[in-house]
Amino acid sequence: MIREYNYVLRRISIALDWILGIFAFFIAYLFKNFGPWYYIHPGLFQTGADLWHSLPVLLMVPLVTVLALGHNGHYTSQRIVGLGAITRRIALSCFEAMVICYALLSIGGRVFAAGYEPSRGMAVLTPFFLFFLLLLKSLVVQQILQGLRRRGHNFRSLLLVGSGEPLREFIQMLRSHPVWGFRIEGILSDSAEAKTGDRLEDTPVLGTLDQLFDVLSSRVIDEVVFTPSHTPLESLTPYLQGCEEMGIRATLSLNFHQPAIARPYFEHVEDIPLVCYSPTREMNLALMFKYAFDRVAAVLLLILAAPFMLGTALAIWLTSKRGEPIFYGQTRVGLNGRLFTLWKFRSMRVGADKEVDKLRALNEVDGPVFKIKNDPRVTPVGRFIRKYSLDELPQIYNVLRGDMSLVGPRPPIPSEVAQYDRWQRRRLSMKPGITCLWQVMGRNKLSFDTWMKLDLQYIDNWSLFLDFKILLKTIVVVVTGHGAM
C-alpha cells in the first residue's frame, strides 16, 4: 500500500513540476517583456522575446529541469530530508537546466531557419523563476504531509532489532522527529538478557532476534531496522535474506563507528555495496574547478613569470662556479604519500643538504622541520630570492604537471613525514600547494605544531573563496617579504 502510495505521489509531483515549469516560462516572458523597464524604454530587451522565438525554451526547460531533479534525487522519499537539502537539490537542478538549455539554444541557433533566433535570455530567466516556484511547492507539500503525520496518517511502522546504547540513541532520534512519520511497533533484542515484556525508552520488547519471522507474519511491519550490539554482522545474513524473501524493507545501522572528521558515503563497486569514510571532500564541481584552474593558471603564470625566472636563473649562473646547477630538485611527499620531485631555484651552495647534521644544533624551528634564519649555506643571491619567494617560481611547473596545486599544505620531505604523529599525517590527504594558510599567517615565525593545525584547518574548511583569500594574501606577503627565512 505504501509503495503504491509513494509511486502515485512521485508521479503527481513530477506532473506538478512540469506544470510549474510552464508557469515559470510565462512569468519569465511577462517579466522580460513588460518589466519595470517597459515603462521607461518599451523597446529595451524586446529583441527575440516574442512567444514564437521563446517556444524552444517552453519545450526544453520544464523537461530538462524534471530530468535534473530526478537525477539529483528530488523524487526519492523526502521523509527525513531537511529544507536545506531540498533547496540545494532544486537550486542545482535549475542551474543545470539553465546551462544545458542555454548551451543547446546557442548551438542549435545555427541550424534553425534563417532569421530565426531563439531567445537565450528566456533560458536564463525561466529556471530562475522556476526555482522559487519549486521551492514554494516543496514547502507547501512538506507542511501538508507533516500535518497528516501529526494526525496519525502517512506513517511507516518500524520493527527495531538490537540492544544497548545504539538502539537507545536510535529510538531517541525517532522520538525527537515525530513529523518524519515513523511508528515503532516494538523491539526484538539481540541480547540474551532481554525478556519479552521489557521496555526500552517506553518501547515494548516483543521477543528475541530468532522470533523475527514470527513477528513479521503476525504484525503489519513496513521496515525492519537492525542496530545490533551483540550479534556479528555475518550472523544477520539469514535474517536479511528472509526480509528480502518476504518483501519487507530492511535497514542496517552502521553506527558502530562514529567518525569525528570523516564523512560517510555509500557507493557500489559492481554488485558490492560499500560504506566509505572520507576525511576530505569528495570530488565535486568546486574541486574540479580548483584543479582545472590550477592547470590554466600555471600556464599563464609561467608566461608572466618568464622574465623574473630568466633574471633569477641568470643571477644564479653568473654567481656560480662552472657546472653548478641553476635548479634544485628535491624529493617531497605529495597527496597520500606519493613521492615527486619538487623544483626550486638553487639558493644554497652545492651539497648543502649534506651539511644538515653539522648544523642541527642551530635549528630555530621545533618539530622535525629544519630551518635557520641566517643559514650559512645560503648564497647572497639565494638570500634575496628567498626573501621574495623567487626561488619558488619553478614549482609552477609542478602545478602544471599535477603534482601540486596553487594553494594547499606545503609538501614535506620524507624524513619529516617519518617523524609525524598519526594526526599530523592527515595533512597529506590533500594535494600540496605552493602557498598555504600558515604562509600568510606568519610563515616561518610559527611553531611546527601551529603549522600542522593550520593545514588541517585549511583542509576541513576548504572552499574556493578561502583559496582566493590565501592567493591575495600571498601576494602581500611575497611583496613585503614578511616571515621569510
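The values are calculated or read from the model by the stated rules, or taken from the named source; none is laboratory data. Owing to the predicted nature of the structure, the values given are computational and were not obtained by experimental measurement. Virtual Cβ from ideal backbone geometry, glycine too; neighbours counted across all protein chains shown.
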note = Among (1) closer than 20 Å to K344 by Cβ; (2) part of a loop (DSSP other than H, G, I, E, B); (3) not aliphatic (A, V, I, L, M), W462 falls short only on (1)
inquiry  = Every residue in segment 230-257 that is surrounded by 16 or more Cβ atoms within 10 Å (Cβ to Cβ) and either more than 30 Å from C276 (Cβ to Cβ) or among the polar types (S, T, N, Q) (or both), please.
reply    = T231, S253
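Residue-wise test of (1) over 19 Å from S235 (Cα atoms); (2) within 39 Å of the chain's Cα centre (by Cα).
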residue: P166; (1), (2): no, yes
residue: M173; (1), (2): yes, yes
residue: E185; (1), (2): yes, yes
residue: G197; (1), (2): yes, no
residue: T203; (1), (2): yes, yes
task = Please go through segment 429-446 and pick out each residue that is within 17 Å of F468 (Cα to Cα) and more than 21 Å from the chain's Cα centre (by Cα).
result = I434, T435, W438, Q439, V440, M441
query = Identify, please: which residue in segment 289-321 is under 19 Å from V399 (Cβ atoms) and charged (D, E, K, R) and is, among those, surrounded by the most Cβ atoms within 10 Å (Cβ to Cβ)?
reply = D294
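For segment 11-51: of the residues being in contact with a Phe, Trp or Tyr (Cβ under 8 Å, 6 or more places away or on another chain) and at pLDDT below 75, which is farthest from L104 (Cα to Cα)?
Quick first cut of segment 11-51, residues in contact with a Phe, Trp or Tyr (Cβ under 8 Å, 6 or more places away or on another chain) only: 13-14, 24, 27-28, 31-33, 35, 37, 44-45, 49, 51.
Applying the additional criterion that residues be at pLDDT below 75 yields 33, 35, 37, 44-45, 49, 51.
Numbers: N33: 23, G35: 26, W37: 28, L44: 25, F45: 21, A49: 17, L51: 18 Å.
That would be W37.
In segment 377-386, which residues are outside any loop (DSSP other than H, G, I, E, B) and crowded, with 17+ Cβ neighbours inside 10 Å?
Going residue by residue through segment 377-386, those that are outside any loop (DSSP other than H, G, I, E, B) are 378, 380-386.
V378, V381, G382, I385, R386 - these are the residues of segment 377-386 that are outside any loop (DSSP other than H, G, I, E, B) and crowded, with 17+ Cβ neighbours inside 10 Å.
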ask   = Do you know which residues across segment 172-205 are of a type in the set (S, T, N, Q) and at pLDDT below 80?
value = S176, T196
ask   = How do the pairs read when you match residues in segment 55-78 that are at positive phi and in the same structural domain as L30 (by TED's automatic domain parsing) with residues anywhere that are surrounded by 14 or more Cβ atoms within 10 Å (Cβ to Cβ) and among the basic types (K, R), using Cβ under 8 Å and keeping only pairs 6 or more apart or on different chains?
value = G73/R89
key: Failed criterion for D467 (all others in (1) touching a residue at least 24 places away in the same chain (Cβ under 8 Å); (2) among the acidic types (D, E); (3) farther than 28 Å from L304 by Cβ hold)   = (3)
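Where residues in segment 317-345 are in a loop (DSSP other than H, G, I, E, B) and in contact with a helix residue (DSSP H, G or I) (Cβ under 6 Å, 6 or more places away or on another chain), which of them is nearest to V417 (Cα to Cα)?
So the first thing to find is which residues in segment 317-345 are in a loop (DSSP other than H, G, I, E, B), and the list is 319-326, 334, 338.
Then keep just the ones that are in contact with a helix residue (DSSP H, G or I) (Cβ under 6 Å, 6 or more places away or on another chain); that gives 319, 326.
Values: T319: 34, I326: 27 Å.
Only one residue tops the list, namely I326.
Taking the options N336, N374, name whichever one is surrounded by fewer than 21 Cβ atoms within 10 Å (Cβ to Cβ), over 25 Å from L466 (Cβ atoms) and not aromatic (F, W, Y). Break it down stepwise before answering.
Numbers: N336 fails: over 25 Å from L466 (Cβ atoms).
Criteria check complete, one pass: N374.
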key: Criterion (at pLDDT 90 or above and either within 23 Å of the chain's Cα centre (by Cα) or among the charged types (D, E, K, R) (or both)) met by exactly one of D357, D391, D375, D366   = D391
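Is it the case that S463 is loosely packed, with under 15 Cβ neighbours inside 10 Å, over 30 Å from A313 (Cβ atoms) and either of a type in the set (S, T, N, Q) or in contact with a His (Cβ under 8 Å, 6 or more places away or on another chain) (or both)? Outline the logic, then answer.
On the way: loosely packed, with under 15 Cβ neighbours inside 10 Å: yes; over 30 Å from A313 (Cβ atoms): yes; either of a type in the set (S, T, N, Q) or in contact with a His (Cβ under 8 Å, 6 or more places away or on another chain) (or both): yes.
Taking the combined requirement at face value, the residue satisfies it.
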request  = With the condition kept exactly as written, say whether any residue in segment 407-428 is at pLDDT 90 or above, within 26 Å of the chain's Cα centre (by Cα) and either under 19 Å from L304 (Cα atoms) or among the hydroxyl-bearing types (S, T, Y) (or both).
outcome  = yes
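Tell me the residue from V365, V350 that is among the β-branched types (V, I, T), surrounded by 11 or more Cβ atoms within 10 Å (Cβ to Cβ) and under 29 Å from G408 (Cβ atoms), please.
Numbers: V350 fails: under 29 Å from G408 (Cβ atoms).
None of the other options fit; the residue is V365.
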message = Tell me whether segment 161-178 contains one or more residues that are over 19 Å from N255 (Cα atoms) and outside the structural domain of Q143 (by TED's automatic domain parsing).
response = yes
